[in-house]
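Asks: So that we are looking at the same thing, I have put the structure below in structure tokens.
The values are calculated or read from the model by the stated rules, or taken from the named source; none is laboratory data. In this text, all values refer to a predicted model and were calculated from it rather than measured experimentally. Neighbour counts run over all protein chains shown; Cβ positions are idealised from the backbone, glycine included. Just so you know, the surface numbers come from the protein's heavy atoms only, side chains and all, with ligands and any DNA or RNA stripped out. Shrake-Rupley method; radii C 1.70, N 1.55, O 1.52, S 1.80 Å.
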Amino acid sequence: MRAELDEKEEFPWAIMKDLGDSDLFRVFIPEEYEGLGGGCLDLCLVVEGLSRVCAAIAVSYAAVALGVAPLLRYGTEEQKQKYLPDVASGKRLAAFALTEATAGSDAAAIKTTAERVKEGYVINGTKQFITNGGEAEIYTVIALTDKEKGARGASALLVEKDTPGFSFGKTEKKMGIRASSTRELIFRNCLVPEENLIGKEGMGFIITMKLFDQSRPGIGAQAVGIAQGALEAAVDYARQRVQFGHPIISLQAVQHMLADMAIQVEAARALVYAAARTVDSGAKNIGEESAMAKVFASDVAMKVTTDAVQIFGGYGYMRDYPIEKMMRDAKITQIYEGTNQVLRNAIALGLRKRRGIQE
Ligand SMILES: Cc1cc2nc3c(=O)[nH]c(=O)nc-3n(C[C@H](O)[C@H](O)[C@H](O)COP(=O)(O)OP(=O)(O)OC[C@H]3O[C@@H](n4cnc5c(N)ncnc54)[C@H](O)[C@@H]3O)c2cc1C
């Protein structure tokens, strides 16, 4: 099934419905809005479990949590009542839209505007690489309400799928997580009412930065799940693949590779869970720990899946086996929600600051 979805690059609607029927979207929604009131660690456990089998499904699920997280933390009671119960039941999916063609790591370079008018805000611009684009019904969009103020002039707005002036552009053809949707969002004089503003004008980047600090353990969990799935597949394969008259798992070279893979997966899991617990504790300065968990776990996922392909030998390179997909899927965890280079910059900046070293 996962191979078929990957091959066809088909959004996993039937599975998303199953996730809804299994109450998994309720995990990250508070009880007062028909959720189960779970925290970051609960969400990580679900994402890890889904990623162990199919990272494309896991990211389609996790992107819903990302899409409504600003609403959960900064939304008004009316906004929460209006949107969250439908998300909890899985009836409506959500997405978060920040990235643009010329604003990736440099998110402050966004050009999409939300001009204040009497009736609300008029949005103009194009977002790209948006997970769940075209499939989600609720979008949190970061746009400039004051172009002069740059990053301080950005705001977060809720946009519903059928709003006039809101359409979808290119669907990306990807290396991995191919069953997930990654699409352009196009806004042409798209009017949203004033009550769709999340938080206050000018809070867009504060909301985004805090959001990513809290969501990065989730990317770490995705990476841990992918790596765990690859490790299990490699052990199973090594037990049944016979060369020179013995299963290859009897070779010490293979055993040591598997042992190193297991050590790395456990270390990554420990760091991700620790970061998720820190998020759940309500601690304020979580940025570095959360970035460390994402960077470490995603590098582990890349290494472990690559080694797993090696254990499969030539068969690992073939699409008949699930392992090449895991390697392709692992790569994205090093890229989105802050590339590992950009996050290493942030971790190093924290180190320098604590030692009192000025720029
Ligand atoms: C499949 C997929 C799904 C995505 N989903 C979403 C989504 O749902 N919502 C959303 O808003 N965005 C989404 N994104 C966007 C994603 O977050 C960005 O792609 C990512 O932040 C990197 O930006 P970029 O691709 O423009 O790369 P660039 O910023 O152009 O980076 C290119 C290279 O330069 C390096 N680099 C850049 N700046 C620095 C620096 N200061 N120091 C060191 N190295 C640097 C990077 O590490 C990278 O290696 C998605 C992307 C993909 C591929």
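Asks: Would you confirm whether or not the range 138-155 contains a residue that is among the hydroxyl-bearing types (Ser, Thr, Tyr) and in contact with a Pro (Cβ under 8 Å, 6 or more places away or on another chain)? Quick ask: steps written out before the conclusion?
Replies: Keep residues of the range 138-155 that are among the hydroxyl-bearing types (Ser, Thr, Tyr), which gives 139-140, 145, 155.
If we keep only those that are in contact with a Pro (Cβ under 8 Å, 6 or more places away or on another chain) as well, we get 140.
Yes, that holds for at least one residue.
Asks: Evaluate the following for ALA221: is it closer than 30 Å to VAL272 by Cα and more than 12 Å from the ligand (Cβ to nearest atom)? Don't jump to the end; show me each part of the working.
Replies: Numbers: closer than 30 Å to VAL272 by Cα: yes; more than 12 Å from the ligand (Cβ to nearest atom): yes.
In short, yes.
Asks: Let me spell it out: the conditions are (1) surrounded by 14 or more Cβ atoms within 10 Å (Cβ to Cβ); (2) under 19 Å from CYS54 (Cβ atoms), and ASP320 meets all of them except one. Which number is the exception?
Replies: (1)
Asks: What are the residues in the range 339-359 that are within 6 Å of the ligand (Cβ to nearest atom) and of a type outside the set (A, V, I, L, M, F, W, C), if any?
Replies: Step one: list which residues in the range 339-359 are within 6 Å of the ligand (Cβ to nearest atom), which gives 339, 341-342, 345.
Once the filter is applied, which keeps residues that are within 6 Å of the ligand (Cβ to nearest atom) and of a type outside the set (A, V, I, L, M, F, W, C), the range 339-359 yields THR339, GLN341, ASN345.
Asks: Hey, any hits in the range 105-117 for a residue that's closer than 26 Å to VAL27 by Cα, within 12 Å of the ligand (Cβ to nearest atom) and within 23 Å of the chain's Cα centre (by Cα)? If you could, list the steps in order and put the result at the bottom.
Replies: Residues of the range 105-117 that are closer than 26 Å to VAL27 by Cα, as a first pass: none.
Checking the range 105-117: not a single residue is closer than 26 Å to VAL27 by Cα, within 12 Å of the ligand (Cβ to nearest atom) and within 23 Å of the chain's Cα centre (by Cα).
Asks: Now, a different point. Any residue in the range 259-273 that's closer than 18 Å to ASP236 by Cα: show its pairings with residues that are at pLDDT 95 or above and β-branched (Val, Ile, Thr) at Cβ separation under 7 Å, as long as the two are six or more apart or on different chains.
Replies: MET261/VAL304; VAL265/VAL224; VAL265/VAL300; VAL265/VAL304
Asks: If you check every pair at least six apart or on different chains, which have Cβ atoms under 6 Å apart with a residue in the range 325-336 that is open to solvent by 20 Å² or more (accessible area, probe 1.4 Å) first and a residue that is within 9 Å of the ligand (Cβ to nearest atom) and not β-branched (Val, Ile, Thr) second?
Replies: Note: pairs meeting the criteria are ARG328/MET175; ARG328/GLY176; LYS331/GLY176; ILE332/GLY176; GLN334/ASN340.
Asks: Here's something else I'd like to know. State which residue pairs qualify: first residue under 16 Å from MET175 (Cβ atoms) and inside the range 1-15, second residue open to solvent by 70 Å² or more (accessible area, probe 1.4 Å) and among the aliphatic types (A, V, I, L, M) in any location, beta carbons under 7 Å apart, and separation of 6 or more residues or different chains.
Replies: If the second residue must be open to solvent by 70 Å² or more (accessible area, probe 1.4 Å) and among the aliphatic types (A, V, I, L, M), the pairs left are ARG2/VAL53.
Asks: For LYS91, indicate whether it is more than 8 Å from the ligand (Cβ to nearest atom), in a loop (DSSP other than H, G, I, E, B), closer than 17 Å to LEU71 by Cβ and not acidic (Asp, Glu).
Replies: Numbers: more than 8 Å from the ligand (Cβ to nearest atom): yes; in a loop (DSSP other than H, G, I, E, B): yes; closer than 17 Å to LEU71 by Cβ: yes; not acidic (Asp, Glu): yes.
Spelling it out, LYS91 is indeed more than 8 Å from the ligand (Cβ to nearest atom), in a loop (DSSP other than H, G, I, E, B), closer than 17 Å to LEU71 by Cβ and not acidic (Asp, Glu).
Asks: Looking at GLY125, is it assigned to a strand (DSSP E or B), touching a Phe, Trp or Tyr at 6+ places or on another chain (Cβ under 7 Å) and crowded, with 17+ Cβ neighbours inside 10 Å?
Replies: Numbers: assigned to a strand (DSSP E or B): yes; touching a Phe, Trp or Tyr at 6+ places or on another chain (Cβ under 7 Å): yes; crowded, with 17+ Cβ neighbours inside 10 Å: yes.
In short, yes.
Asks: Tell me, please, whether a residue that is within 14 Å of the ligand (Cβ to nearest atom), touching an Asp or Glu at 6+ places or on another chain (Cβ under 6 Å) and open to solvent by less than 10 Å² (accessible area, probe 1.4 Å) can be found in the range 61-69.
Replies: No, the range 61-69 contains no residue that is within 14 Å of the ligand (Cβ to nearest atom), touching an Asp or Glu at 6+ places or on another chain (Cβ under 6 Å) and open to solvent by less than 10 Å² (accessible area, probe 1.4 Å).
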